[in-house]
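A.B. asks: There's a structure below that I have some questions on.
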């Protein structure tokens, strides 16, 4: 059986509800008991960190430029990354060597790294498919360099990249340990281009298991896809076999990353009634305006003129909940960040937005098109990020991330 046919077999199993490398999760919505930290399984037809639940409290994105010069060396880079990630996610104790040499790890996590929900997702940017590696004909169909969109102020120093690592864990030291190990393993092959780190769950929701709040103070992700449902992920997230895409890409996913600055001081001076009208939800409960519970259906059909929930509110534009927009759903997995303050003495804070979808056109770009010109643009601006393609997973020990891409 060929590698491609094996991958199709595995994806078929996921479609039928038998997900290889599946993990036990708690509910992704509503209150829940604080879960016990664990080692996230690495192997699977898809990269497990994309859909692993519950959401960890910390997140980090690191974008790199690839320095190797041919496809064989690129394959060696991806194989080395895979080997390192496999060990990190399993909590493999670092080996020791003579003290006359530098230690093989930073020592941040001691001799036995504890379970901390660590996951690493590897994605590639459109720039990897230039003439360096002869991969132009293997580029995923919709993978492009993220253009300037409405209201963008993209900083080239915080945008794009050949390869992106998305790390999540329960604690900051776990993230730093993993990042340093991955950079140590790829020194001379990858050069760091930009990085953003933050948190996905704050003090008010981490223990209770409730929907996280962003730095505007509103719950963020109430209507997110249910990552516990393989059928939902197959429909909206993973590239299927037989699509108009390269065969190696089956089981991968388009990834949109947006570093969105929030002008929090300006927001904090805005009336609560205006804040809620801009978002379309009550700030404290998270319920749609006029409703009581966060997860209540906003019932736009009973409010056609926007008397209760304004027609230009964020939630109504982002997800109108119509049959025509049902195919625009995406799996969001972002986190809040803070980078001190800028030259004007204003806090530099915001959202590292991350979404995974089967199609950029039908997912992120369709939603962003509806949001263009929304009133919330007075308070936010995209300053970085990029479009990437999350590689298919690694089904077995003898495989590595991107092996069919470079093979």
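A.B. asks: What is the number of the single condition among (1) part of a loop (DSSP other than H, G, I, E, B); (2) in contact (Cβ under 8 Å) with a residue 40 or more places away in the chain that residue 362 does not meet?
C.D. replies: In the conditions (1) part of a loop (DSSP other than H, G, I, E, B); (2) in contact (Cβ under 8 Å) with a residue 40 or more places away in the chain, residue 362 misses (2) alone.
A.B. asks: Could you check region 369-407 and list, in sequence order, the residues that are within 20 Å of residue 311 (Cα to Cα), surrounded by fewer than 18 Cβ atoms within 10 Å (Cβ to Cβ) and touching a residue at least 12 places away in the same chain (Cβ under 8 Å)? Lay out the reasoning, then the answer.
C.D. replies: Residues of region 369-407 that are within 20 Å of residue 311 (Cα to Cα), as a first pass: 369-380.
Next, only the ones that are surrounded by fewer than 18 Cβ atoms within 10 Å (Cβ to Cβ) stay: 369-373, 375, 377-379.
Correct list: 370, 371, 372, 373, 375, 377, 378, 379.
A.B. asks: Condition (residue is within 30 Å of residue 194 (Cβ to Cβ), in contact with a strand residue (DSSP E or B) (Cβ under 9 Å, 6 or more places away or on another chain) and either at pLDDT 50 or above or in a loop (DSSP other than H, G, I, E, B) (or both)) applied to region 17-36: is it met by at least one residue?
C.D. replies: No, region 17-36 has no match at all.
A.B. asks: Here are 312, 305, 244: which of them is out of contact with any strand residue (DSSP E or B) (no Cβ under 9 Å at 6 or more places or on another chain) and either in a strand (DSSP E or B) or closer than 19 Å to residue 365 by Cβ (or both)? Can you show your working first?
C.D. replies: On the way: 312 fails: either in a strand (DSSP E or B) or closer than 19 Å to residue 365 by Cβ (or both); 305 fails: either in a strand (DSSP E or B) or closer than 19 Å to residue 365 by Cβ (or both).
Of the residues listed, the single one that is out of contact with any strand residue (DSSP E or B) (no Cβ under 9 Å at 6 or more places or on another chain) and either in a strand (DSSP E or B) or closer than 19 Å to residue 365 by Cβ (or both) is 244.
A.B. asks: Being touching a residue at least 60 places away in the same chain (Cβ under 8 Å), in contact with a helix residue (DSSP H, G or I) (Cβ under 8 Å, 6 or more places away or on another chain) and closer than 30 Å to residue 383 by Cα is the requirement here; does residue 226 meet it?
C.D. replies: Numbers: touching a residue at least 60 places away in the same chain (Cβ under 8 Å): yes; in contact with a helix residue (DSSP H, G or I) (Cβ under 8 Å, 6 or more places away or on another chain): yes; closer than 30 Å to residue 383 by Cα: yes.
It is true that residue 226 is touching a residue at least 60 places away in the same chain (Cβ under 8 Å), in contact with a helix residue (DSSP H, G or I) (Cβ under 8 Å, 6 or more places away or on another chain) and closer than 30 Å to residue 383 by Cα.
A.B. asks: Tell me whether region 128-151 contains one or more residues that are assigned to a loop (DSSP other than H, G, I, E, B), touching a residue at least 60 places away in the same chain (Cβ under 8 Å) and over 21 Å from residue 389 (Cβ atoms).
C.D. replies: Filtering region 128-151 for residues assigned to a loop (DSSP other than H, G, I, E, B) gives 130-135, 139-151.
Now drop any that are not touching a residue at least 60 places away in the same chain (Cβ under 8 Å), which leaves 132-135, 139-146, 149-151.
Filter once more, so that each one left must be over 21 Å from residue 389 (Cβ atoms): 150-151.
Among the residues of region 128-151, at least one is assigned to a loop (DSSP other than H, G, I, E, B), touching a residue at least 60 places away in the same chain (Cβ under 8 Å) and over 21 Å from residue 389 (Cβ atoms), which makes the answer yes.
A.B. asks: Yes or no: residue 267 more than 19 Å from the chain's Cα centre (by Cα), over 17 Å from residue 350 (Cβ atoms) and in contact (Cβ under 8 Å) with a residue 60 or more places away in the chain? Explain how you work it out, then say what you get.
C.D. replies: Working: more than 19 Å from the chain's Cα centre (by Cα): yes; over 17 Å from residue 350 (Cβ atoms): no; in contact (Cβ under 8 Å) with a residue 60 or more places away in the chain: yes.
Answer is no for this residue.
A.B. asks: Quick check: anything in region 160-175 out of contact with any strand residue (DSSP E or B) (no Cβ under 6 Å at 6 or more places or on another chain) and crowded, with 23+ Cβ neighbours inside 10 Å?
C.D. replies: So far as region 160-175 goes, yes, one or more of its residues are out of contact with any strand residue (DSSP E or B) (no Cβ under 6 Å at 6 or more places or on another chain) and crowded, with 23+ Cβ neighbours inside 10 Å.
The values are calculated or read from the model by the stated rules, or taken from the named source; none is laboratory data. Treat the numbers as computed from the prediction; the structure is a model and nothing was measured. Heads up, the Cβs are rebuilt from the backbone with ideal geometry, glycines too, and the neighbour counts pull from every protein chain shown.
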